[in-house]
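Asks: Next up is a structure, given as structure tokens.
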Amino acid sequence: NARRLLRYAGWTEDASELLGTWASGPAAWLALLAVLAAANAFGVEDRAQLALTAAGAYAANMALAGVGVFAFLDRRKENLQALRTSKSVALRASSPFSGEVECYEGLLEALPDVAAEACEALTLIKYDPGDALAPHYDANRAADAEDASRGGQTLATLLVYLNDVQGGGGRTRFGKLRVDVSPRKGDACLFFPADASGAFDERLEHEGEAPAAEKWIGRVWVHARPISGETGCPPATLEALRRGG
């Protein structure tokens with residue numbers, strides 16, 4: 001198993017917001033100060049020259065802001081990785097694993113309007129004692145921009161609990177809803193990080209509580225559209241579903 005990186009969902013929206021705030025505030029004021037300095041300190045009176053001074057100062061400030069914003073976002077992304085200490089692997093074998101097809105069949109039976117092509121590969125996640133996943137969202141406010149190849153917005157998440165956790169802990173916790181789901185072998189938790197139209201639902205923030213003993217779960221994400229990238233349900237599994245198992 002490998003520790004998989006936690007995606008920084010919404011980074012394009014964060015970058016746009018930060019740059020927009022700088023553009024409408026500090027960058028504009030600094031450009032104005034550059035014009036005033038050119039006019040008062042250096043006696044520049046030509047309007048075209050003053051306009052060029054303002055444009056140059058504004059562009060330089062936005063370029064520096066861009067460097068700073070993306071450095072900040074890179075640091076935030078690094079910090080985000082510390083939120084996950086579990087290990088996971090996506091099942092993409094040339095033939096389905098035992099139970100893999102049945103997992104998809106149960107999901108598609110529960111969501112009859114969903115196509116298997118809109119489902120991601122089943123991912124096995126292992127929590128060792130003390131491993132945890134901090135509060136996060138499965139949906140993405142910037143899904144149209146960032147998740148196009150992954151089928152767009154995440155509309156549903158299926159968690160299947162593969163073992164009983166000895167000694168307690170390991171709950172899936174929905175803090176804003178005040179709902180906790182205890183891991184019991186064979187149980188499943190199906191929830192909807194966004195509505196059918198793709199609107200982000202902030203109530204569905206959730207976390208993986210640290211277990212007292214080893215914990216295994218299977219996860220499938222369901223997207224708004226068929227997945228064109230490699231993260232989708234594997235071809236062999238899709239073929240088995242078409243054949244009926």
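The values are calculated or read from the model by the stated rules, or taken from the named source; none is laboratory data. Keep in mind it's a predicted model, so treat the numbers as computed, not measured. For neighbour counting, all protein chains shown are included, and Cβ atoms are generated from backbone atoms with ideal geometry for every residue, glycine included. SASA here: full protein model, heavy atoms, side chains in, ligands and nucleic acids out. Shrake-Rupley method; radii C 1.70, N 1.55, O 1.52, S 1.80 Å.
Asks: Hey, does segment 143-160 have a residue that's closer than 12 Å to residue 208 by Cα and open to solvent by less than 30 Å² (accessible area, probe 1.4 Å)?
Replies: Residues of segment 143-160 closer than 12 Å to residue 208 by Cα: 159.
Then drop every residue that is not open to solvent by less than 30 Å² (accessible area, probe 1.4 Å), which leaves 159.
Checking segment 143-160: at least one residue is closer than 12 Å to residue 208 by Cα and open to solvent by less than 30 Å² (accessible area, probe 1.4 Å).
Asks: If you don't mind, there's one more thing I want to ask. Find the residue count for segment 130-168, including only residues that are in contact with a Phe, Trp or Tyr (Cβ under 9 Å, 6 or more places away or on another chain) and not in a helix (DSSP H, G or I). Show your work before the answer.
Replies: Taking segment 130-168 and keeping what is in contact with a Phe, Trp or Tyr (Cβ under 9 Å, 6 or more places away or on another chain), we get 133, 137-143, 146, 150-151, 153-159, 161-163, 165.
Retained after the next criterion (residues that are not in a helix (DSSP H, G or I)): 133, 137-142, 151, 153-159, 161-163, 165.
Of the residues in that region, 19 qualify.
Asks: Let me spell it out: the conditions are (1) crowded, with 21+ Cβ neighbours inside 10 Å; (2) farther than 24 Å from residue 103 by Cβ; (3) among the aliphatic types (A, V, I, L, M), and residue 177 meets all of them except one. Which number is the exception?
Replies: All conditions pass for residue 177, except number (1).
Asks: Let me ask you something else. Would you check if there is a residue in segment 187-202 being open to solvent by 70 Å² or more (accessible area, probe 1.4 Å) and touching a strand residue (DSSP E or B) at 6+ places or on another chain (Cβ under 6 Å)?
Replies: Yes, the conditions are met somewhere in segment 187-202.
Asks: Restricting to segment 87-129, what's the tally of residues that are touching a His at 6+ places or on another chain (Cβ under 8 Å) and not in a helix (DSSP H, G or I)?
Replies: 2
Asks: Please list, ordered by first then second residue, the pairs with beta carbon atoms under 8 Å, 6 or more apart or interchain, first in segment 9-32 and farther than 12 Å from residue 66 by Cα and open to solvent by 50 Å² or more (accessible area, probe 1.4 Å), second of a type in the set (Asp, Glu) and at pLDDT below 70.
Replies: Listed by first residue and then by second, the contacts come to nothing, as the list is empty.
Asks: Hand me the list of strands (runs of 3 or more DSSP E) wholly inside segment 173-245 holding 3 or more residues that are under 16 Å from residue 111 (Cα atoms).
Replies: On the way: elements: 179-181, 188-191, 206-208, 215-223.
In segment 173-245, the matching strands (runs of 3 or more DSSP E) lie at 188-191, 215-223.
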